[in-house]
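Input: a single structure, listed below in structure tokens.
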Amino acid sequence: MSGRTRSCFHRRASVTHRRLRSLRRGVQVGVDPFTIRSVSILQLPRTAGCLVCGRDNPLGLQLRLRVDDASGVVSVTVTPGDRHIGFTNVIHGGLIATVADEAMVWAATWAGRRFCYCGEMTIRFRRPAAPGMALRFEASVESSRSRLIVARFQCTDASGNELSSGSGKYVPLTPQDNAIVLRTFIDEPESRQAAAILSGNQLK
């Protein structure tokens, strides 16, 4: 390899390294981040009795939520059935609101590293959802302060059409109450890394 070729190679490697570092900081640098950021998707912990994620709740949805550690975006997909309707062939808005709140509270929790109560939630329903439709929810944080975190969500169908969207205001728990919630996590291999991050003991 000639000196000129080595110089070009090192310059390109240096640019690639800088791009990787920028992506880890969540900065767009002109390359598609999907393949790099996909490795930062973590499965969030579950509890036993939660209506949305509870593993052992026979009346619950038993959903598995995930978070992109690079961006803080929380996502989950749910496919409601006939037992979740309001009007005939229309999924009840209360179910949409419940999953939206779950996604937003996890986004707020991940941003502040502390669980939260929902103080206020606003939803705009644009299109009805029907039984059997795969609904994708994504939630992220708009602003974060020590006593109040504002999150937003969007619900889309399989084609990416927006069905509903909204925002919520979340109030972090006290450290004592947060510790109680942390102790309710079910120990599962796939969610241990996220659980460790939330508890302040990130896995190496």
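Just a few scattered comments:
- Long-range HN-HN contacts of ALA129 with modeled amide H, under 5 Å: ILE91
- For the range 108-113, putting each phi into the Karplus relation 6.51 cos²θ - 1.76 cosθ + 1.60 with θ = phi - 60° gives couplings of 5, 4, 5, 5, x, 6 Hz, in residue order, rounded to whole numbers and with x for Gly and Pro.
- Cα-based shape type of the range 139-182, given that a ≥ b ≥ c are square roots of the gyration tensor eigenvalues and the cut on a/c is 1.5: prolate
- Each residue of the range 155-168 is assigned a 3J(HN,Hα), and the resulting list reads 10, 10, 8, 5, 8, x, 6, 6, 9, 7, 7, x, 8, x Hz, derived from the Karplus form 6.51 cos²θ - 1.76 cosθ + 1.60 (θ = phi - 60°), x at Gly and Pro.
- Within the shell defined by Cβ-Cβ distances under 14 Å, the residues around GLY119 carry a net charge of +1, with Lys and Arg each +1 and Asp and Glu each -1.
- Applying the Karplus relation 6.51 cos²θ - 1.76 cosθ + 1.60 with θ = phi - 60° to the range 178-187 yields 3J(HN,Hα) values of 5, 4, 5, 5, 4, 6, 8, 4, 7, 7 Hz, where x marks Gly and Pro.
- Of the peptides 64-76, 170-182, the order by per-residue mean of other Cβ atoms within 10 Å, starting with the highest, comes out as 64-76, 170-182.
- Selected from LEU135, LEU95, ILE85, residue furthest toward positive end of dipole (the range 59-184; charges at beta carbon): LEU95
Only the coordinates and a few stated rules stand behind these numbers; no lab work does. Predicted, not measured: the structure shown is a model, and the values here were computed from it. Glycine gets a Cβ as well: all are built from the backbone with ideal geometry, and neighbour counts include every protein chain shown.
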